[in-house]
Each structure stands twice: as structure tokens, then as C-alpha cells.
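Have a look at the structure below before the remarks.
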Amino acid sequence: MRNPPREDLLEVVGCEIGKRPTQAPTMDDLGPHLLGVRRQSDSITLRFAPEALATLKAFVEAERECCAGIGWTVSEGPDVALRIEAGSAQLDAFVAMLRTEDIEDAR
């Protein structure tokens, strides 16, 4: 099954991509450090290797600029994680943009 075009996904998310700093890290930068993804009914939690923390924080700072209507929470400690809180359709769009099939669905 093909994902919708990126522009369509960004529209669903409500992203104003032009507000995102161009030099900010992207999910492509974080991808090699991604350890797991869990989809809940009201959020997605992405777990990362600890060495990705600085990149993750920079990514979230940029995302807060372009996707201000989405909740972005970084957890640090023994587990480094990003919790994304949004509506169901927005979360589905984020899952599609992740380009991974290794997602635990806990809805």
C-alpha cells in the first residue's frame, strides 16, 4: 500500500513547513537511532538511543515552530523518548511519514 504524498500528510498534520528552520535535524537524522514506536489512541511514543538526545531536542524545537498545534514532549533519563500528542488522523499521518512497519499498536 502506498502512502499519500508528503504534502497531503503535512496538510493533515497542520504543518506550516515554511516555518521550520531549514538546517534543523529531520527524522532522517533520527532514524538510525530509533529503537521503537508505540501508537496509542491519543499519542505516538518514539524511543531513541541515548546518544540521539541532542539531535532529538533540536528536532522537537524545529517541529514546535512548524507544527505548533501538536504536543511534543521529550523524556530523558535511562530511556530517551518523544511523545507526540495529536488527533487520530494527525497521528495516522505521522505514522505514515515514519516509513516503518515496526510499530506497536496499543490502541
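The values are calculated or read from the model by the stated rules, or taken from the named source; none is laboratory data. Keep in mind it's a predicted model, so treat the numbers as computed, not measured. For neighbour counting, all protein chains shown are included, and Cβ atoms are generated from backbone atoms with ideal geometry for every residue, glycine included.
Some points to look at:
- Qualifying residue in the range 74-83 (condition: under 12 Å from the mean Cα position of the chain (by Cα), of a type in the set (Ser, Thr, Tyr) and under 22 Å from GLU104 (Cβ atoms)): no
- In the range 7-64, the residues that are of a type in the set (Asp, Glu), surrounded by fewer than 16 Cβ atoms within 10 Å (Cβ to Cβ) and out of contact with any Ser or Thr (no Cβ under 7 Å at 6 or more places or on another chain): GLU7, ASP8, GLU11, GLU16, ASP28, ASP42, GLU51, GLU61
- In the range 11-25, the residues that are at pLDDT below 85, more than 12 Å from the chain's Cα centre (by Cα) and not in a loop (DSSP other than H, G, I, E, B): GLU11, VAL12
- The range 26-82, residues that are in a loop (DSSP other than H, G, I, E, B), among the small types (Gly, Ala, Ser) and under 22 Å from VAL12 (Cα atoms): SER41, ALA68, GLY69
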